[in-house]
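Enquirer: My questions all concern the structure below.
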Amino acid sequence: MRKALRWLLALTVLIGTLSTAGAATAAEPEATGTIGTTGTTDIKERLLSVPGMSLVEEKPYTGYRFFVLTYTQPVDHRRPSRGTFQQRITVLHKDVARPTVFFTGGYNVSTTPRRSEPTQIVDGNQVSLEYRFFTPSRPEPADWSKLDIWQAASDQHRLFTALKGIYSKKWISTGGSKGGMTATYYERFYPRDMDGVVAYVAPNDVVNKEDSAYDRFFAKVGTKECRDRLNAVQREALVRRAPLVKRYAALAAEDGYTFDTVGSLDRAYEAVVLDYVWGFWQYSTVADCEQIPADAKNATDDEIWTSVDTISGFSFYTDQGLSPYTPYYYQAGTQLGAPTVRFPHIEKKYIRYGYQPPRSFVPRSIPMRFEHRAMRDVDTWVRHNARHMLFVYGENDPWGAEPFRLGHGARDSYVLTAPGMNHGANVAGLTGEEKALATARILDWAGVAPAAVREDPAEAKPLAAFDAELDRRDVERELVLRP
């Protein structure tokens, strides 16, 4: 389960000249409805008039203007005078007369034009923010104690405050997995900023040491036939550790992989194998079970290796694979928590290390101390104070085993589950009535619900037509949590 986005696209090489923003300008007239202009001022000029905003590049996209920018942020929002760093953002601009969606992936930001589901639903603008400490949005030198959920929420609050004068209509925050967590934490610390929150597949590990919910999930998920196939392959990969570790060593030698952070090649091998079942359910469906070897004991070494590598990825627990995700593991080991899963189908003699904690995946030069109250605080706040919040989970997603829940203090907020869906669950995957309800609430929170929808939520549909390139969900898959 800890395999973090091995299919993540390589970061786009940023080209173009760097432009430093000038002084803030006075408020401009409302939008005329044309793309990229506001009254007499071009939208690029307005964005660059924000103090601390710089242009990296502009990329064309029909019907929009897409900007890659950097924004100067304080390393410590409590002590702004103690240094700054450049945080990368993107702006998918449609019209300042439309609502704006604040997207957070929780990791790196994509520099390719993409539209989150809420952005399509409300036919709006989208501001996307790279999470602090993911390169290149990392202070230098890096004071890791400044990587916490409050500092990250304050990054969002400061950027929202800077852009609200340009995008003055309603705002909706959103994100998937760690991005959904990020949107939730932002709402907890700055509940007056957003008009609504749409958090997809957001884990909620309130008590880090109590993880029995995951064991119950894996005992029932999917079908027994599928579970048996997966469990058998996972066990067989440990039974055949000797020949497969030898193959792993050859791969490491060929590709130059090292294992200083995790400690050894053998530790990395077991971590990959123990990710196998979780990884399947996170990103696959029951129908994909046909691709899993049906008779693991009689399968060849190559069949076992290929199945594990396809789902878990033998390159991930190398130093080279872990390095981009040090910020995630640091947070998992200091505030977010991380699951521990039991393996009743595997004899103890075959498991040497078990599920390793986040500390195992962060260089020892970076100090870590877990803050037990952080997630309980957020959970309590959501239960009693949620307003205009929508949580969407997938029925077959392991991360849904510990979801956010609503209490008596919640208002106009919902927790919905998409049948049969995995970690890519979305509003479109909900059942008919729930899909209409979720869509209608998002439209209403954004201030763009048509009269027919206000009268009958069953009429709710996305305002923007589907765009095969702009709405590619596989990119969202690259921006979700894979701890």
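Enquirer: Under 20 Å from residue 105 (Cα atoms), crowded, with 20+ Cβ neighbours inside 10 Å and among the charged types (D, E, K, R): is that true of residue 471 in this structure?
Expert: no
Enquirer: From the set of residues in region 270-294 that are assigned to a helix (DSSP H, G or I) and touching a Cys at 6+ places or on another chain (Cβ under 8 Å), which is least open to solvent (accessible area, probe 1.4 Å)? Before you say what the answer is, go through the steps one by one.
Expert: Restricting attention to region 270-294, the residues satisfying the condition of being assigned to a helix (DSSP H, G or I) are 270-274, 276-283, 286-291.
Of the ones still in play, those that are also touching a Cys at 6+ places or on another chain (Cβ under 8 Å) are 286, 289.
Working: 286: 56, 289: 10 Å².
Looking at residues that are assigned to a helix (DSSP H, G or I) and touching a Cys at 6+ places or on another chain (Cβ under 8 Å), I get 289.
Enquirer: Given the conditions (1) farther than 19 Å from residue 179 by Cβ; (2) surrounded by fewer than 19 Cβ atoms within 10 Å (Cβ to Cβ), and given that residue 53 satisfies all but one, which numbered condition is not satisfied?
Expert: (2)
Enquirer: Let me ask something else about it. Condition check: closer than 25 Å to residue 198 by Cβ and more than 20 Å from the chain's Cα centre (by Cα). Does residue 387 satisfy that?
Expert: Working: closer than 25 Å to residue 198 by Cβ: yes; more than 20 Å from the chain's Cα centre (by Cα): yes.
Yes.
Enquirer: Let me ask another. I'd like to verify a number: residues in region 324-380 that are farther than 17 Å from residue 151 by Cβ and among the polar types (S, T, N, Q), how many?
Expert: Of the residues in that region, 5 qualify.
Enquirer: If you don't mind, there's one more thing I want to ask. Regarding residue 287, is this residue at negative phi, at pLDDT 95 or above, of a type in the set (Gly, Ala, Ser) and within 26 Å of the chain's Cα centre (by Cα)?
Expert: Answer is yes for this residue.
Enquirer: Go through region 341-460 and tell me which helices (runs of 4 or more DSSP H), entirely inside it, have 3 or more residues that are touching a Gly at 6+ places or on another chain (Cβ under 9 Å), touching a residue at least 40 places away in the same chain (Cβ under 8 Å) and within 27 Å of residue 102 (Cβ to Cβ).
Expert: On the way: elements: 373-385, 432-445, 451-455.
Result: 373-385, 432-445.
Enquirer: Condition first: open to solvent by less than 10 Å² (accessible area, probe 1.4 Å), within 30 Å of residue 325 (Cα to Cα) and either at pLDDT 95 or above or in contact with a Phe, Trp or Tyr (Cβ under 9 Å, 6 or more places away or on another chain) (or both). Can you find one or more residues in region 425-439 that meet it?
Expert: Checking region 425-439: at least one residue is open to solvent by less than 10 Å² (accessible area, probe 1.4 Å), within 30 Å of residue 325 (Cα to Cα) and either at pLDDT 95 or above or in contact with a Phe, Trp or Tyr (Cβ under 9 Å, 6 or more places away or on another chain) (or both).
Enquirer: Could you pull out the residue among 434, 371 that is among the charged types (D, E, K, R) and more than 22 Å from the chain's Cα centre (by Cα)? Lay out the reasoning, then the answer.
Expert: On the way: 371 fails: more than 22 Å from the chain's Cα centre (by Cα).
Every option except 434 fails the conditions.
Enquirer: Of everything in region 377-418 that's more than 14 Å from residue 187 (Cα to Cα) and of a type in the set (Val, Ile, Thr), which residue is surrounded by the fewest Cβ atoms within 10 Å (Cβ to Cβ)?
Expert: Here the residue is 415.
The values are calculated or read from the model by the stated rules, or taken from the named source; none is laboratory data. Owing to the predicted nature of the structure, the values given are computational and were not obtained by experimental measurement. Note that we place each Cβ from the backbone using ideal geometry, even for glycine, and neighbour counts take in every protein chain shown. Just so you know, the surface numbers come from the protein's heavy atoms only, side chains and all, with ligands and any DNA or RNA stripped out. Shrake-Rupley method; radii C 1.70, N 1.55, O 1.52, S 1.80 Å.
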